[in-house]
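Novice: Here it is, the structure, as C-alpha cells.
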Amino acid sequence: MNLETKLRKAEIEDKDTIWAIIQQSIERRKQDGSTQWQNGYPNMNTVENDIAKGFGYVLTVDGKIAVYAALILNDEPAYSTIEGAWLSNGEFVVVHRVAVDGKFAGQGMAKKLFDHIEDFTRSKGIQSIKVDTNYDNPAMLKILESKGYSYCGEVLLKDGMRKAYEKIII
C-alpha cells in the first residue's frame, strides 16, 4: 500500500487539527515517562505563532494531516551555544515540535517527514538540518540515528538540556 505523502505549509485552518495532534503527542510523552512537553509547551499559541511566521508544516497522507513540524531557517538562539560542536557553520533548517497523529503512529511517518525535510532543505540550497530532542525521547533518538544525523553535543533550551544533532545535506 503506497500512500501519497506531501509536505506543505500549515494554514490557519489547520490549527485545530495540529493542536489535537500535539495534544496526543504530549500525552504519549507523558505515558512514556518523559519530561518533554509536560510544562504547558507547546500550546495553541505556539501553533498559531508557527503558522503566522510561516514555520508550521504538515505532512499529509492522501490529503489528511499525519505529522506536524516547525521548520525554521537559520534561527535558533539556543543553538549559538553548544556544549560540543556543530558539523557546520553554514545555513541550516531547524526542526522543532515534531508530532505524529496517533492514527499514523508506528507507520514510519516521522522518517517520511525527515525525508521530505531533507528534500525541502536541498531545494532551498541550505547546507544542513539541525535538531534537538530530550534525553528521554527514545523514539526520536532512534529516528535521528537511523536517518544519519550526527550527535553534536548539548544545547540549553527553556526547559532544559537537549541532545543536539546535525546532518549535512549539501
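Bear in mind these aren't lab numbers, they're just calculated from the coordinates by the rules spelled out. The structure presented is a predicted model; accordingly, all values stated were derived computationally and were not measured. Positions of Cβ are backbone-derived with ideal geometry, glycine not excepted, and every protein chain shown enters the neighbour counts.
Novice: Which parts of segment 81-96 would a label at Asp75 reach, counting a residue when its backbone N lies under 16 Å from a point 7 Å out along Cα-to-Cβ?
Specialist: Residues passing the 16 Å test: 91-96.
Novice: So, one more: Is it possible to state the helix-based mean residue ellipticity at 222 nm for the chain, with each DSSP H run of 4+ residues giving -39500 (n - 2.57), the sum divided by total residues, to the nearest 500 deg cm²/dmol? What is it?
Specialist: Mean residue ellipticity, 222 nm, calculated: -9500 deg cm²/dmol.
Novice: Still on this structure: Ranked highest first by the average count of other Cβ atoms within 10 Å around their residues, in what order do 164-170, 88-94 fall?
Specialist: 164-170, 88-94
Novice: Given Cβ point charges of +1 (Lys, Arg) and -1 (Asp, Glu) and nothing else, what value in debye, to the nearest 20, does the dipole of the chain about its Cα centre take?
Specialist: Dipole magnitude for the chain comes out near 240 debye.
Novice: Mind grabbing the base-10 log of I(q)/I(0) for segment 47-130 at q = 0.17 Å⁻¹? Debye formula, identical points on the C-alpha positions, no solvent, two decimal places.
Specialist: Scattering profile of segment 47-130, log10 relative to I(0): -0.75.
Novice: Each label point is 7 Å from the Cα along the Cα-to-Cβ direction; what then is the distance between the points at Gln24 and Asp159, in nm?
Specialist: With each label placed 7 Å out from Cα toward Cβ, I get 1.9 nm.
Novice: Sort all Cα-Cα distances of the chain into consecutive 10 angstrom bins from zero, then give the percent of pairs in each bin up to the one containing the longest distance.
Specialist: 10, 40, 41, 9, 0
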